[in-house]
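All remarks here apply to the structure that follows.
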Amino acid sequence: MLEEMPRINASSIATQPTSEPTFPPLVDSFGRTHESLRVSVTDACNIRCRYCMPESVLGFLPQHRLLSFDAIARVVSVMVQAGVRKVRLTGGEPLMRPKLELLVEKLRGLSGLDQIAMTTNAMMLAEKIHALEAAGLTHINISLDTLREEAFKAISRREGLDSVLEGIDAAVSSKLQVRLNALLLRELNFQDCIPLVEFARERNLFIRFIEFMPLDADRQWSQNQVVSGEEVRKHLEEHFGSLHAIERKDSAQPSSDFGFEDGKGGVGFIDPVSKPFCQACNRLRLTADGKLRNCLFGKQEWDVKSACDSNASDQVIYDIAAECTRNKYASHGIAHVDFKPPQRAMYQIGG
Ligand code: SAM
Ligand code: SF4
């Protein structure tokens, strides 16, 4: 019985790590068990990718509206007690949040958490990688859409490809598991897919292509701009020869992965638009302002910041997470005629 289970106060996470879940798993009404949490630590970013942010932003969240590192660690601790095994730090650009390594260190104290990952544009990674690695970060996904400065400027509306490449070098020299993520827009960088794969293979890295989703702040998404994973795969096979499918180790993994004959690197396709993978989704999201979401495209959010601010019990935080999970829809519904994108854009939710 839940009432008889010992509670671990999340404020003492550093000294009392949990080894077994002490709350029931986060299962939705379709039987999906949630073991992965994306944590956005900021909505701020140093570039302005046109598929994500507006060109100019009136203002990012002020400090007092951000969930503090202690509050994030508290929420994650409760979720880990309910079976969450993976956390991915994201944003906005997570490295815009000062001293992110202090959060990583707090999360490392949570036993039961197998992965502390981060997704970054890598512009500030070279200077941060050692601190993050020492703090306990385990995995890093780096977004890289092109190797051409001109295309980088057209996509991100800023300069800085050199610092991204420096960040990638630094990550490759670390012990972290590194992957690249690329988003192709038909008119801007479809032509970059082959050089990007060559770049990844030279470094023995996996690169995954993510389909453009209707989550851009400018609301310019159109099906015409989406390059499907299938199309990219065919294009790559014409150049590199046939790719062989790699069996999924984790059924909730969003990408379909492929290997090359010579075994160097690998390529994956994340196809939320052309081949939605909602039936295996095991992810929840925590926004930088402390709202829990059960889907990128969800219209509803559950406020955990207020619970943290009022020092509510772990049970209260768990109940909010369980309620959020129970209300998850079967699928994101992008293909539905009535589909409307969520109010918040990708950088405000956390990708
Ligand atoms: N700033 C970091 C970065 O870019 O890696 C982390 C946050 S960003 C929102 C996370 C990922 O979301 C990036 O790989 C980016 O390409 C992807 N993304 C952003 N907008 C998207 C969209 N409209 N559709 C699909 N993926 C998107
Ligand atoms: Fe910033 Fe990442 Fe969005 Fe690009 S995708 S604008 S790097 S948050």
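The values are calculated or read from the model by the stated rules, or taken from the named source; none is laboratory data. All values reported here derive from a predicted model rather than from experimental measurement. Cβ coordinates were reconstructed from backbone atoms using ideal geometry, including for glycine residues, and neighbour counts include every protein chain displayed. Calculation scope for accessible area: heavy atoms of the full protein, side chains included, ligands and nucleic acids excluded. Shrake-Rupley method; radii C 1.70, N 1.55, O 1.52, S 1.80 Å.
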Karplus-derived HN-Hα couplings along the range 207-214 (A = 6.51, B = -1.76, C = 1.60, θ = phi - 60°), whole Hz, x at Gly and Pro:
10, 10, 9, 10, 5, 5, 10, x
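Suppose every K and R has +1 on its Cβ and every D and E has -1 on its Cβ; what is the size of the dipole of the chain about the Cα centre, in Debye to the nearest 20?
That gives the chain a dipole magnitude of about 560 debye.
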Reduced to Cα centres, the span from the range 222-268 to the range 291-318 in Å works out to 36
Taking amide H positions as placed 1.01 Å from N in the peptide plane, with prolines and chain starts having none, which residues 5 or more places from Ala312, or on another chain, fall under 5 Å of its amide H?
none
Amide H neighbours of Asn181 under 5 Å, at least 5 residues apart or on other chains, H built in the peptide plane: list them.
Ile142, Ser143, Leu144, Arg208
Can you grab the distance from the C-alpha centre of the range 167-210 to the C-alpha centre of the range 109-137, Å, no decimals?
19
Skipping prolines and chain starts, which residues have an amide H placed within reach, meaning under 5 Å, of the one on Val39, given they are 5 or more residues away or on another chain?
Arg88, Leu89, Thr90, Leu286
For the range 20-349, whose charge dipole is built from +1 on Lys and Arg Cβ atoms and -1 on Asp and Glu Cβ atoms, the candidate among Ser156, Met346, Phe199 with its Cα farthest towards the positive end is Met346
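DSSP beta bridges in the chain, what fraction antiparallel, as a percent rounded to 5?
25
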Please identify every one of the chymotrypsin sites (Phe, Trp or Tyr not before Pro) in the range 242-351 that sits in a loop by DSSP and has no more than 11 other beta carbons within 10 Å of its own beta carbon.
Phe339
Near Lys264, which aspartates and glutamates are there with a Cα under 13 Å away, not counting those fewer than 8 places off in the same chain?
Glu198, Glu202
In sequence order, what are the phi-derived ³J(HN,Hα) couplings for the range 153-167 according to the Karplus relation 6.51 cos²θ - 1.76 cosθ + 1.60 with θ = phi - 60°, rounded to whole Hz, with x for glycine and proline?
5, 5, 7, 8, 6, 8, 9, x, 4, 4, 5, 4, 5, 4, x
For the chain, any Cys whose C-beta has no other cysteine C-beta under 4.7 angstrom counts as unpaired, and these are Cys45, Cys193, Cys278, Cys281, Cys295, Cys308, Cys324
If we count GluC sites (Glu not before Pro) as exposed when they sit in a DSSP loop and have at most 16 other beta carbons within 10 Å, what is the longest stretch of the chain that avoids them all?
56-158
Pairs from Lys275/Lys340; Lys99/Lys275; Lys86/Lys128; Lys291/Lys340; Lys305/Lys328 whose Cα-Cα separation, in the structure shown, is over 30 Å
Lys99/Lys275
I'd like to know which of Gln177, His64, Met213 lies farthest towards the positive end of the charge dipole of the range 20-349, counting +1 on Cβ of Lys and Arg and -1 on Cβ of Asp and Glu.
His64
Of all alpha-carbon pairs in the chain, indicate the percentage at a distance above 29 angstrom.
38
Quick tally, 1.4 Å probe accessible area for Arg186, Arg74, sorted with the most first, runs Arg186, Arg74
Return the single residue from Val87, Val337, Val273 with maximal mean-square fluctuation; model: Gaussian network over the chain, springs between Cα atoms under 10 Å.
Val337
How large is ³J(HN,Hα), in whole Hz, for each residue of the range 102-116 in order, when computed from phi with the Karplus curve 6.51 cos²θ - 1.76 cosθ + 1.60 and θ = phi - 60°, using x for Gly and Pro?
5, 5, 4, 4, 5, 6, 4, x, 8, 6, x, 8, 8, 9, 10
Could you identify which residue out of Thr325, Thr120, Thr22 has the top mean-square fluctuation in a GNM of the chain using Cα springs shorter than 10 Å?
Thr22
